[in-house]
Amino acid sequence: MTWNRIVFGKIGEDWHLPNELGEQLLGPEDERDERERLLMRINLRLHDLYRDRRDIADRWPTLPNNGWNFDGQSPVKYMVAHGLDGMREVLERLDRTLSEARARLPIVGLRGS
């Protein structure tokens with residue numbers, strides 16, 4: 001078992017993914033390495049965004065969502081339906097959200113106080 005598969009197993013456990021849904025997320029064998037890397041990055045972004053709320057970071061992927069283009073489906077189901085492109089889109093949106101959140105943080109010590 002590769003390191004990626006071990007980490008993905010932990011992510012699947014944290015996200016409370018049924019085995020069948022986890023297998024669908026991993027997709028075809030020739031895409032698994034890339035999918036696993038994207039899912040690990042998505043998980044990291046979620047934990048960066050919800051640093052103090054691990055429970056939210058772990059539940060977010062499987063909760064119904066009306067934001068972005070999810071139309072009420074969970075991000076996981078969106079990624080299953082849209083494959084690698086859906087995973088890349090979720091990661092890009094999380095990256096953008098994290099950048100926006102960081103931009104709103106006050107800058108301490110740079111104003112010659």
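The values are calculated or read from the model by the stated rules, or taken from the named source; none is laboratory data. Worth saying up front: this structure is predicted, and the values here are computed from it rather than measured. Here the Cβ is made from the backbone with ideal geometry for all residues, glycine too, and neighbour counts use every protein chain on show.
The residues on offer are ARG104, ARG88, ARG96, and the sole one that is under 19 Å from PHE8 (Cα atoms) and not acidic (Asp, Glu) is ARG88.
If the condition is being in a loop (DSSP other than H, G, I, E, B) and modelled with pLDDT of 80 or more, then the range 88-113 contributes only ARG104. Considered as a group, the residues in the range 82-106 that are surrounded by fewer than 11 Cβ atoms within 10 Å (Cβ to Cβ) and over 14 Å from the mean Cα position of the chain (by Cα) include one that is nearest to ARG45 (Cα to Cα), and that residue is SER99.
Among the residues of the range 59-81 satisfying the criterion of being free of Cβ contacts under 8 Å to residues at least 24 places away in the same chain and hydrophobic (A, V, I, L, M, F, W, C), which is nearest to MET40 (Cα to Cα)? In this case the residue turns out to be TRP60. None of ARG32, ARG53 is over 20 Å from GLU92 (Cβ atoms) and surrounded by 16 or more Cβ atoms within 10 Å (Cβ to Cβ) except ARG32.
Counting only helices (runs of 4 or more DSSP H) that sit wholly inside the range 3-72, those with at least 2 residues that are of a type in the set (Val, Ile, Thr) and touching a helix residue (DSSP H, G or I) at 6+ places or on another chain (Cβ under 6 Å) are 3-14.
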